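**Q** Before anything else, here's the structure in question.
The values are calculated or read from the model by the stated rules, or taken from the named source; none is laboratory data. Note that the structure is a prediction, hence the values are computed from the model and not measured. Virtual Cβ from ideal backbone geometry, glycine too; neighbours counted across all protein chains shown.
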Amino acid sequence: MSVYTNLTAKDASKLLSQYDIGSLVSYKGISDGITNTNYFLVTSKGKYVITIFEDMTKAKAKKYLKLMNYFSKHGLCSPEIMLTKKDEVICTFKLKPCSIMERLAGKTITETNISLCKSVGKIVGSFHLSSKNYKNKIINSRDIKWVNENMKKIKAHISKDQYKLLSQSRKIFRKIFEMDFPKGIIHSDLFRDNVLEKSNKVTGIIDYYYSFHGPFIYELGVIINDWCSNKDGSINIRKYNSFINSYNSVRPLTPKERKYINSAMVAAGLRFYLSRLVDMAFPKVGEITHIKDPKTFERIIKSRIACL
């Protein structure tokens with residue numbers, strides 16, 4: 001989450017006029033994340049989050065918001081999307097798609113621990129079991145075509161060693177998505193800053209805007225890289241075992257998934273290494289923005305490839 005579109009008190013009140021969720025009490029910009037504009041919102045009826053979609057069509061955003069409501073109704077720590085007076089999950093504000101959702105209890109996770117890894121493993125296992133039954137397919141916006149296009153885009157802005165690492169990872173990325181693994185809707189961006197917790201238990205999952213129908217093993221790679229890695233990029237075995245064992249107790253991994261879990265971590269690492277390199281080379285202009293360090297995933301990918 002970030003702030004690219006400035007919102008005044010008058011703007012916020014005007015936006016609220018499209019809903020039946022009370023009058024404005026206060027609002028505040030959220031600096032975490034890098035894609036959309038977000039504000040915490042307090043009204044006379046409750047606490048919410050405003051999201052203004054900066055680079056997404058209304059139709060596409062609507063798909064993700066409906067998905068979030070699906071998981072919310074299934075009790076999977078997803079925020080409920082507020083409906084407008086026209087019974088829509090989305091509206092238009094300042095010529096951009098916009099939504100208001102409930103603000104979930106808990107705080108963003110800054111440091112993971114064994115208890116949190118266990119908690120998220122159980123939630124994600126249930127998430128995947130439920131997602132297999134979701135009827136609306138969502139296409140991966142960060143597929144091999146995206147990888148190829150962005151590698152070309154940044155080639156002149158990175159070192160030869162960095163490009164070589166991207167090329168090695170791309171082969172593994174392609175393989176993971178070409179192989180036959182159990183699939184369903186995955187969040188695909190389940191970093192700790194997209195998860196809320198209270199008393200070492202997961203209370204919320206947010207930012208579903210990179211969700212797509214894909215291999216569950218890829219999701220696990222994303223989570224392990226962020227939740228179970230040491231600062232040098234190596235895996236923290238205790239956190240890893242806590243997460244995997246908890247997940248496996250809900251949705252047992254297949255032998256094939258276990259065999260390729262490290263490759264899935266490389267594939268997941270590539271997606272975020274590349275996007276961070278792009279953001280570093282071509283930063284967005286925003287009132288409150290946050291560019292994340294690509295070196296984190298450079299270390300992670302090198303560590304995972306060394307174990308193949």
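**Q** Condition first: free of Cβ contacts under 8 Å to residues at least 60 places away in the same chain and hydrophobic (A, V, I, L, M, F, W, C). Now tell me which residues in segment 154-185 satisfy that.
**A** The one that is free of Cβ contacts under 8 Å to residues at least 60 places away in the same chain and hydrophobic (A, V, I, L, M, F, W, C): ALA156.
**Q** Looking at (1) surrounded by fewer than 23 Cβ atoms within 10 Å (Cβ to Cβ); (2) farther than 16 Å from LYS135 by Cα, which is the one condition that is false for ASN69?
**A** Failed condition: (2).
**Q** Regarding LEU166, is this residue under 15 Å from ALA267 (Cα atoms) and buried (at least 19 other Cβ atoms within 10 Å of the Cβ)?
**A** Yes; evaluated as a whole, the condition is true for this residue.
**Q** Here are some residues: ILE90, ILE81. Which one is assigned by TED's automatic domain parsing to the domain that holds VAL49, hydrophobic (A, V, I, L, M, F, W, C) and free of Cβ contacts under 8 Å to residues at least 24 places away in the same chain?
**A** ILE81
**Q** Pairs please, first residue from segment 13-27 and within 16 Å of GLU102 (Cβ to Cβ), second anywhere and exposed (fewer than 13 other Cβ atoms within 10 Å of the Cβ) and polar (S, T, N, Q), Cβ atoms under 8 Å, 6+ apart in sequence or on different chains.
**A** The qualifying pairs are LEU16/SER23; GLY22/SER44; VAL25/SER44.
**Q** Could you please give the count of residues in segment 143-164 that are in a helix (DSSP H, G or I), more than 20 Å from ASP55 (Cβ to Cβ) and either of a type in the set (Val, Ile, Thr) or touching a strand residue (DSSP E or B) at 6+ places or on another chain (Cβ under 6 Å) (or both)?
**A** Matching residues across segment 143-164 total 1.
**Q** Give TYR260, TYR273, TYR218, TYR209 a once-over and let me know the one that is among the hydroxyl-bearing types (Ser, Thr, Tyr) and within 21 Å of THR108 (Cα to Cα).
**A** TYR209
**Q** Turning to a different aspect of this structure: May I ask you to list the residues in segment 17-48 that are surrounded by fewer than 20 Cβ atoms within 10 Å (Cβ to Cβ), of a type outside the set (Gly, Ala, Ser) and either in the same structural domain as TYR210 (by TED's automatic domain parsing) or not in a loop (DSSP other than H, G, I, E, B) (or both)?
**A** Once the filter is applied, which keeps residues that are surrounded by fewer than 20 Cβ atoms within 10 Å (Cβ to Cβ), of a type outside the set (Gly, Ala, Ser) and either in the same structural domain as TYR210 (by TED's automatic domain parsing) or not in a loop (DSSP other than H, G, I, E, B) (or both), segment 17-48 yields TYR19, LEU24, VAL25, LYS28, PHE40, VAL42, THR43, LYS47.
**Q** Tell me whether segment 57-78 contains one or more residues that are touching a Pro at 6+ places or on another chain (Cβ under 6 Å) and on the phi < 0 side of the Ramachandran plot.
**A** Yes, segment 57-78 contains a residue that is touching a Pro at 6+ places or on another chain (Cβ under 6 Å) and on the phi < 0 side of the Ramachandran plot.
**Q** Condition first: outside the structural domain of PHE40 (by TED's automatic domain parsing), over 17 Å from the mean Cα position of the chain (by Cα), without any contact (Cβ under 8 Å) to a residue 24 or more places away in the chain and not in a loop (DSSP other than H, G, I, E, B). Can you find one or more residues in segment 245-258 that meet it?
**A** yes
**Q** Out of segment 126-148, which residues are surrounded by 13 or more Cβ atoms within 10 Å (Cβ to Cβ) and under 21 Å from TYR273 (Cα atoms)?
**A** ASN140, SER141, ARG142, ASP143, ILE144, TRP146, VAL147
**Q** Could I ask something else about it? So which residues in segment 92-142 are within 28 Å of ASP11 (Cβ to Cβ) and not in a loop (DSSP other than H, G, I, E, B)?
**A** Within segment 92-142, THR92, PHE93, LYS96, PRO97, CYS98, SER99, ILE100, MET101, GLU102, LYS107, THR108 meet the criteria.
**Q** Can you confirm whether segment 88-105 contains a residue that is buried (at least 18 other Cβ atoms within 10 Å of the Cβ), touching a Pro at 6+ places or on another chain (Cβ under 8 Å), at pLDDT 95 or above and closer than 22 Å to LYS183 by Cβ?
**A** No: zero hits.
**Q** Sort out which residues of segment 190-238 are part of a helix (DSSP H, G or I), more than 10 Å from the chain's Cα centre (by Cα) and surrounded by fewer than 21 Cβ atoms within 10 Å (Cβ to Cβ), and write them in order of number.
**A** ILE237, ARG238 - these are the residues of segment 190-238 that are part of a helix (DSSP H, G or I), more than 10 Å from the chain's Cα centre (by Cα) and surrounded by fewer than 21 Cβ atoms within 10 Å (Cβ to Cβ).
**Q** Looking only at segment 62-90, how many residues end up being of a type in the set (A, V, I, L, M) and in a loop (DSSP other than H, G, I, E, B)?
**A** 5
**Q** Assess whether ALA59 counts as being among the small types (Gly, Ala, Ser) and part of a loop (DSSP other than H, G, I, E, B).
**A** No; evaluated as a whole, the condition is false for this residue.
**Q** Turning to a different aspect of this structure: Give just the number: which of (1) more than 15 Å from ILE123 (Cβ to Cβ); (2) surrounded by fewer than 16 Cβ atoms within 10 Å (Cβ to Cβ) does VAL250 not satisfy?
**A** (1)
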